[in-house]
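A.B. asks: Supplied in structure tokens, the structure appears directly below.
The values are calculated or read from the model by the stated rules, or taken from the named source; none is laboratory data. These figures come from a predicted structure and were not determined experimentally. Cβ atoms come from the backbone with ideal geometry, glycine included; neighbour counts cover every protein chain shown.
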Amino acid sequence: MPYVTRDKNNRIIGISDRQSSDAQELLPNTDPEVMQYLRDAGPDSMRDHLSRTDLDMSRITEDLIEVLIQRNVLNFTDFPLKAQKKLMARQKLRSNLSSLTNLVQDDDDVI
């Protein structure tokens with residue numbers, strides 16, 4: 001029987017074979033909540049979650065590249081030409097989006 005850890009909404013967020021300060025509640029393996037947690041924690045579910053975070057990681061990678069270039073740790077020309085073109089295109093899109101966002105915000109301030 002597993003010990004479970006719950007979040008503030010009383011949902012199971014962890015299962016352990018040992019009792020701990022976080023995992024005090026002992027539930028049978030056949031408990032519906034335990035079974036649902038195990039289904040949600042399966043490989044397919046984890047792959048889906050990983051895929052949903054790809055966009056965030058892409059943004060972090062872009063920001064990291066920019067910081068490394070600004071600090072002269074990395075040269076833009078170190079990247080293959082195709083990668084340079086993709087980075088420049090993303091930078092242009094982000095700049096255009098920022099300009100559009102500022103335009104909309106400026107309009108919102110007009111009374």
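A.B. asks: List the residue pairs whose Cβ atoms are under 9 Å apart, where the first residue sits in the stretch 62-84 and is farther than 21 Å from SER95 by Cβ, the second is exposed (fewer than 14 other Cβ atoms within 10 Å of the Cβ), and the two are 6 or more positions apart or on different chains.
C.D. replies: Listed pairs, sorted by first residue: VAL73/VAL67.
A.B. asks: May I ask you to list the residues in the stretch 10-35 that are surrounded by 11 or more Cβ atoms within 10 Å (Cβ to Cβ), more than 28 Å from the chain's Cα centre (by Cα) and within 23 Å of MET46 (Cα to Cα)?
C.D. replies: The one that is surrounded by 11 or more Cβ atoms within 10 Å (Cβ to Cβ), more than 28 Å from the chain's Cα centre (by Cα) and within 23 Å of MET46 (Cα to Cα): ASP31.
A.B. asks: From the list SER45, SER20, SER16, which one is over 30 Å from ARG94 (Cα atoms), free of Cβ contacts under 8 Å to residues at least 60 places away in the same chain and touching a Lys or Arg at 6+ places or on another chain (Cβ under 8 Å)?
C.D. replies: Working: SER20 fails: touching a Lys or Arg at 6+ places or on another chain (Cβ under 8 Å); SER16 fails: touching a Lys or Arg at 6+ places or on another chain (Cβ under 8 Å).
Of SER45, SER20, SER16, the one residue that is over 30 Å from ARG94 (Cα atoms), free of Cβ contacts under 8 Å to residues at least 60 places away in the same chain and touching a Lys or Arg at 6+ places or on another chain (Cβ under 8 Å) is SER45.
A.B. asks: Further, regarding this structure: Can we say PRO43 is within 30 Å of THR5 (Cα to Cα) and at pLDDT 90 or above? Even if it seems obvious, please write down each step before you answer.
C.D. replies: Working: within 30 Å of THR5 (Cα to Cα): yes; at pLDDT 90 or above: no.
For PRO43, the condition - within 30 Å of THR5 (Cα to Cα) and at pLDDT 90 or above - is not met.
A.B. asks: Another question about this same structure. Regarding ASP7, is this residue among the charged types (D, E, K, R), modelled with pLDDT under 90 and loosely packed, with under 10 Cβ neighbours inside 10 Å?
C.D. replies: Numbers: among the charged types (D, E, K, R): yes; modelled with pLDDT under 90: no; loosely packed, with under 10 Cβ neighbours inside 10 Å: yes.
No: the conditions fail for ASP7.
A.B. asks: Here's another thing I want to ask about it. What's the number of the only condition in (1) surrounded by fewer than 10 Cβ atoms within 10 Å (Cβ to Cβ); (2) acidic (Asp, Glu); (3) at pLDDT 90 or above that GLU66 fails to meet?
C.D. replies: Just one mismatch for GLU66, condition (1).
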